[in-house]
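The values are calculated or read from the model by the stated rules, or taken from the named source; none is laboratory data. Owing to the predicted nature of the structure, the values given are computational and were not obtained by experimental measurement. Quick reminder, even Gly has a Cβ in these numbers, built from the backbone with ideal geometry, and neighbours come from all protein chains shown. The accessibility values were calculated without ligands, DNA or RNA, using every heavy atom of the protein model including side chains. Shrake-Rupley method; radii C 1.70, N 1.55, O 1.52, S 1.80 Å.
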There are 2 protein chains.
Amino acid sequence: MELSQTVALLARTPATLNALLRDLPDAWTRQNEGDGSWSAFDIVGHLIHGERTDWIPRARIVLTQGANRRFEPYDRFAQVRESQGKSLAELLDEFARLRAQNLATLRGWKLSERELALEGEHPELGPVTLRQLLATWVAHDLGHVAQTTRVMAKQYREAVGPWRLYLPVLDR
Amino acid sequence: MELSQTVALLARTPATLNALLRDLPDAWTRQNEGDGSWSAFDIVGHLIHGERTDWIPRARIVLTQGANRRFEPYDRFAQVRESQGKSLAELLDEFARLRAQNLATLRGWKLSERELALEGEHPELGPVTLRQLLATWVAHDLGHVAQTTRVMAKQYREAVGPWRLYLPVLDR
């Protein structure tokens, strides 16, 4: 986990999702994989909730090294409530704005190796370092971009006909 | 497979990969998943090769309805040779240029339902329609964007520590 590489990646996610999703027909962005799974719209809402409540707030808990270093449990369904009535374009703007603010905060901290090794307490996973938290922020972004494209690809699962055999993303 | 939705998606892939990859450190873009697997750099090369030899050339074979409608087998390793000595920025530019040309060709055809139902012969899969070919073009794009982010996420498989449990993309 090299901090400048981590920031370089985190800075790109809003523009990546913007390039992929903005102004696409709802047929792409509002469909899910069935059964309460997430659409692209839901995923952007989830990323916004993470900007507000997860990464930087948890990093602050670690950096403060107070008596209680236990993170708040993360609400995986908050976006259902928080995204209601918003357009995808609004969500993309909100995500870009919050991410830029959070990266400004992160850069401003000029974290040392010592600070990156400080620990917090994950409610389920136990002790975790700030370095692991920041690496997870990146992997979480990338996993959700992968999920977004997979959910969209599945809309053509039948349409590709026999090519389905060659497209593992359609059956993942 | 609705043609305008297909084109809307295909038009976004170059900008999506550009937003994700341009000017990222090589540590992100040149690493693979081990054992001859592909890096982000290799994947963009593969997409370029598809623009040159796969989608539109195969669509032409179908539309011509000549005596031989069998597609040329696709070379999955052409990019190793063709990307040699190029920078990722050059590949991203080349992909964007070729994709824009190919979509201009596709739009220019103003395909009818009758034409979308015409068949070609896949060397392994047998008879396939033009409609299936175009749907596959989309799913192939999305699958490779998913792959790109997965390959990059794996660079942090160890760095995330115990969070690996929550990040299925790291072990896919």
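Details
- Label-point distances for residue A:31 to the equivalent site in the other copies, using a point 7 angstrom along Cα→C-beta, read 3.4 nm when ranked shortest first.
- Crossing angle, helix B:55-64 versus chain B [Cα axis fit, 0-90 degrees, rounded to tens]: 10 degrees
- With its label point defined 7 Å out from Cα along the Cα-to-Cβ axis, residue A:81 lies at 5.9 nm from the matching points of the other copies, in increasing order.
- Listed values for the range B:140-146 are Karplus-derived 3J(HN,Hα) couplings in whole Hz (6.51 cos²θ - 1.76 cosθ + 1.60, θ = phi - 60°), namely 5, 3, 5, x, 7, 5, 4, and x replaces Gly and Pro.
- Cα centroid of the range A:48-92 to Cα centroid of the range B:83-137, whole Å: 41 Å
- Calculated FRET value between residue B:35 and residue A:68, using beta carbons and R₀ = 41 Å, to 0.05: 0.35
- Residue of B:144, B:46, B:122 that the Gaussian network model of chain B assigns the largest fluctuation, springs spanning Cα pairs under 10 Å: B:122
- Against chain B, whose longest principal axis comes from its Cα atoms, helix B:3-21 is set at around 30 degrees.
- For the chain pair B and A, buried accessible area totals roughly 4400 Å², probe 1.4 Å, rounded to the nearest 100.
- Rounded to 0.05, the FRET efficiency of the residue B:87 and residue A:2 pair, given R0 = 22 Å and the Cβ-Cβ distance, is 0.55.
- The magnitude of the dipole of the range B:9-158, with charges of +1 and -1 set on the Cβ of Lys/Arg and Asp/Glu and taken from the Cα centre, is near 420 debye.
- Residues of the range A:9-26 that lose at least 40 Å² of accessible area (1.4 Å probe, protein heavy atoms only) when the other protein chains are present, relative to their chain alone, are A:9, A:12, A:16, A:19, A:20, A:24.
- A 1.4 Å probe, protein heavy atoms only, puts the accessible area of residue B:166 near 80 Å².
- Rounded to the nearest 10 Å², the accessible area of residue A:4 at probe 1.4 Å: 70 Å²
- Extending 7 Å from the Cα toward the beta-carbon at both residue B:115 and residue B:22 defines two label points whose distance is 3.2 nm.
- Judged by the gyration tensor of its Cα atoms, with axes a ≥ b ≥ c, the range A:1-63 is oblate; a/c meets the 1.5 cut and b/c is at least as large as a/b.
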